[in-house]
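Q: Submitted below is the structure of interest, expressed as structure tokens.
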Amino acid sequence: RQIAALSGSGTEAGGKVVSHHMQRGADFFRKKDFVSAAAEFLEVLAVRPDNDKALYNAGLAYFKLGEYEWSAAMLERSAALKPDNADAFVALGNAYLKLDRVEEAYGCYYKALKINPDSKIAKANAEAITRAMDRKGRLGK
């Protein structure tokens with residue numbers, strides 16, 4: 001999974017700050033320093049709380065840190081701001097799975113597939129949930 005592209009042109013108010021922290025966050029993420037990456041993306045959010053890319057990237061960093069509640073919170077906000085971002089729904093589904101929120105995870109994968117029917121991760125995870133729920137249903141009978 002790739003982190004979102006940089007945002008902020010530098011000509012808009014706060015654009016240089018946003019670009020600087022997004023770039024640093026991306027660099028830290030690539031180096032697998034997820035604590036520093038998350039901190040940089042939070043700096044962006046201090047200036048632009050509705051920056052869907054910073055929210056998405058922070059969500060990915062928190063996921064990598066095993067902070068699934070924080071990951072889900074960031075990704076929920078990102079998906080709400082940019083409801084056509086299939087990657088945000090896949091990542092949110094992954095966080096929900098880690099939190100054992102299986103039905104919500106399935107819903108996220110379903111939304112991702114509606115946006116991008118070619119999403120292999122969304123398809124595989126939705127099918128795995130369906131199989132697991134089918135087995136669980138049979139075991140309960």
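The values are calculated or read from the model by the stated rules, or taken from the named source; none is laboratory data. Quick caveat: nothing in here was measured; it's all calculated off a predicted structure. All Cβ positions, glycine included, derive from the backbone under ideal geometry; neighbour counts span all protein chains shown. Surface areas here come from the heavy atoms of the whole protein model, side chains and all, with no ligands, DNA or RNA. Shrake-Rupley method; radii C 1.70, N 1.55, O 1.52, S 1.80 Å.
Q: Identify all residues within segment 80-89 that are of a type outside the set (Phe, Trp, Tyr) and crowded, with 24+ Cβ neighbours inside 10 Å; write none if there are none.
A: ALA88
Q: Against the definition (in a helix (DSSP H, G or I), open to solvent by 80 Å² or more (accessible area, probe 1.4 Å) and of a type in the set (Val, Ile, Thr)), how does ILE121 come out, yes or no?
A: When the stated conditions are applied, ILE121 passes them.
Q: Residues of segment 66-79 being surrounded by fewer than 23 Cβ atoms within 10 Å (Cβ to Cβ) and not basic (Lys, Arg), which ones?
A: GLY66, GLU67, TYR68, GLU69, TRP70, ALA73, GLU76
Q: Okay, next question. Can you go through ASP100, ASP52, ASP87, ASP118 and tell me which one is of a type outside the set (A, V, I, L, M, F, W, C) and at positive phi?
A: Answer to the selection: ASP100.
Q: Quick check, is PRO83 under 29 Å from HIS20 (Cβ atoms) and under 13 Å from the mean Cα position of the chain (by Cα)?
A: yes
Q: Sticking with this one: Looking at segment 42-63, which of the residues that are surrounded by 24 or more Cβ atoms within 10 Å (Cβ to Cβ) and either charged (D, E, K, R) or touching a His at 6+ places or on another chain (Cβ under 7 Å) (or both) is nearest to LEU75 (Cα to Cα)?
A: Among those that are surrounded by 24 or more Cβ atoms within 10 Å (Cβ to Cβ) and either charged (D, E, K, R) or touching a His at 6+ places or on another chain (Cβ under 7 Å) (or both), it is LYS53.
Q: Checking ASP118 against (1) closer than 27 Å to ALA54 by Cβ; (2) under 17 Å from the mean Cα position of the chain (by Cα), only one condition comes out false. Which one?
A: (2)
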